[in-house]
Structures are given as structure tokens and as C-alpha cells.
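The values are calculated or read from the model by the stated rules, or taken from the named source; none is laboratory data. Note that the structure is predicted; figures quoted are calculated from it, not measured. Glycine gets a Cβ as well: all are built from the backbone with ideal geometry, and neighbour counts include every protein chain shown.
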Amino acid sequence: MKTAVYPGSFDPVTYGHIDIIERAAKLFDKVIVLVSMNPVKPADFSTSERVNFLERCVKPGNVVIDSHTGLFIDYFKEKNADVIVKGLRAMSDFEYEFQMALLNKDMCHTAETIFLSANAASMFLSSSAVKQIAMFGGDISAFVHHAILSDVTSKLKIK
Ligand code: ADP
């Protein structure tokens, strides 16, 4: 039984994240999508909102949504997980993700990071870009699942 953990801010979840989750769910017995706290990247949506958005967009099956505030690798060890899944967009993600993979491996020798390439349509999609578009009333329906679209836009739109 192979368990993968896919950590991120998911602030909010986009179709890029959903694509990675669905593909990881085909590769592993269980996928935990972990809403993590990043102290250098404050979130616009609360942890419970981000978890709730994920629960509304992702088909359950072998995918579980969870959240964690401490050091990621402690969670990974506590769950006896096997693999860390990360999505890779163009070159921009590479340096940071490579550094995190090596640091996590250093802290836990069994922690293998597997990178799934973003699909062509999501290559330039990020939560922060989506938020900027929504703040100015732009249409984000191509980037964010319809189940959460109105909740995301109503919170972000500058009144
Ligand atoms: P963001 O940069 O959008 O705020 P997150 O911190 O939520 O991203 O990212 C969590 C993980 O999902 C990271 O591995 C990131 O590279 C990946 N990811 C983010 N957006 C996409 C996308 N559009 N396509 C594929 N992977 C993505």
C-alpha cells in the first residue's frame, strides 16, 4: 500500500492542482492532499476554507483532504507515507521544489519526492494569479472549479 502526500497552500485550489491530484490518485493507493501553513506566504483564505474548497472540488475515492500547521516532514513520518507529490510548472517551480525535495530527503531518508509535470493548459496557472484577476472582477471560471467559483470571487472582489 503506497501513500502519497501532496502538500501546498491551495489558496485557493485551481484546476492545475486538481489535475495533479487526479493523476496522483491513479498512481498511488492513497493520496493525502495536505493544506499546509507557509509562514512566508500568508494565505487569503483560512485553512478551513481551503480544506472545504478542496472537499467540494475533488472526487473522494482514494483521496483524503487534511491540514497541518507544523513541519511538513513530521506529518509525513507520522502518517507513514511513502511519497511526496509535487506539481512542476515551467522553470519557475524547479529551484524551490528541488531544494525542498533534497531537504525533506535529508530529514527523512525514505521520503521520495515525485514531480508530476503540469499539463499544458495549467502551466502558467497559479493561485496568486487567479486571486489578482478575481480582485479586479475578472473571469476566473476557466481556472477555478464551478463548485467554489462564487465563494472564491465574492471573498476576493474589491468592493
Ligand atoms: P501556488 O504556487 O499556486 O500558490 P501551491 O503552494 O498551492 O501553489 O502549490 C502546491 C503544489 O502544487 C506545488 O507543488 C506547485 O508546484 C503545484 N502547483 C501549483 N499550481 C499548479 C499548476 N497550475 N499545475 C501543476 N501544479 C501546480
### Task
Within the range 65-77, identify whether any single residue is within 24 Å of Leu27 (Cβ to Cβ), small (Gly, Ala, Ser) and under 17 Å from the mean Cα position of the chain (by Cα), and answer yes or no.
yes
### Message
Conditions first: (1) outside any helix (DSSP H, G or I); (2) surrounded by fewer than 17 Cβ atoms within 10 Å (Cβ to Cβ); (3) among the basic types (Lys, Arg). Lys77 passes all but one, so which condition is the exception?
### Response
(1)
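Residues to consider are Asp66, Asp44; find the one that is of a type in the set (Asp, Glu) and out of contact with any helix residue (DSSP H, G or I) (no Cβ under 7 Å at 6 or more places or on another chain).
Details: Asp44 fails: out of contact with any helix residue (DSSP H, G or I) (no Cβ under 7 Å at 6 or more places or on another chain).
Of the residues listed, the single one that is of a type in the set (Asp, Glu) and out of contact with any helix residue (DSSP H, G or I) (no Cβ under 7 Å at 6 or more places or on another chain) is Asp66.
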### Query
Quick one: Lys86 ticks every box in (1) more than 20 Å from Phe10 (Cβ to Cβ); (2) in contact with a strand residue (DSSP E or B) (Cβ under 7 Å, 6 or more places away or on another chain) bar one, so which box is it?
(1)
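Of everything in the range 102-122, what is touching a residue at least 60 places away in the same chain (Cβ under 8 Å) and assigned to a loop (DSSP other than H, G, I, E, B)? Give them in sequence order. Let's see the steps before the verdict.
Step one: list which residues in the range 102-122 are touching a residue at least 60 places away in the same chain (Cβ under 8 Å), which gives 114, 116, 118-119, 121-122.
Scanning the range 102-122 gives Ala118, Asn119.
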### Task
May I ask you to list pairs of residues, at least six apart or on different chains, whose Cβ atoms are under 7 Å apart, with the first in the range 41-54 being free of Cβ contacts under 8 Å to residues at least 60 places away in the same chain and the second being of a type outside the set (A, V, I, L, M, F, W, C) and outside any helix (DSSP H, G or I)?
Lys41/Ser9; Ala43/Ser9; Ala43/Asp11; Thr47/Ser67; Arg50/Asp11; Arg50/Pro12; Val51/Ser67
### Message
Ala81 - would you say it is in contact (Cβ under 8 Å) with a residue 40 or more places away in the chain and more than 23 Å from Phe124 (Cα to Cα)?
### Response
yes
### Message
Quick check on the range 106-154: of everything there that is more than 16 Å from the ligand (Cβ to nearest atom) and under 22 Å from Val58 (Cβ atoms), which residue is modelled with the lowest pLDDT?
### Response
Ser154
### Summary
Those residues of the range 1-51 which are more than 10 Å from the ligand (Cβ to nearest atom) and polar (S, T, N, Q) amount to Thr3, Ser46, Thr47, Ser48
### Summary
In the set Val31, Val40, Val35, the lone residue that is touching a strand residue (DSSP E or B) at 6+ places or on another chain (Cβ under 8 Å) and under 29 Å from Ser154 (Cβ atoms) is Val35
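Of these, Glu55, Glu78, Glu97, which one is within 11 Å of the ligand (Cβ to nearest atom) and out of contact with any helix residue (DSSP H, G or I) (no Cβ under 9 Å at 6 or more places or on another chain)? Show your work before the answer.
Numbers: Glu55 fails: within 11 Å of the ligand (Cβ to nearest atom); Glu78 fails: within 11 Å of the ligand (Cβ to nearest atom).
That would be Glu97, the only listed residue that is within 11 Å of the ligand (Cβ to nearest atom) and out of contact with any helix residue (DSSP H, G or I) (no Cβ under 9 Å at 6 or more places or on another chain).
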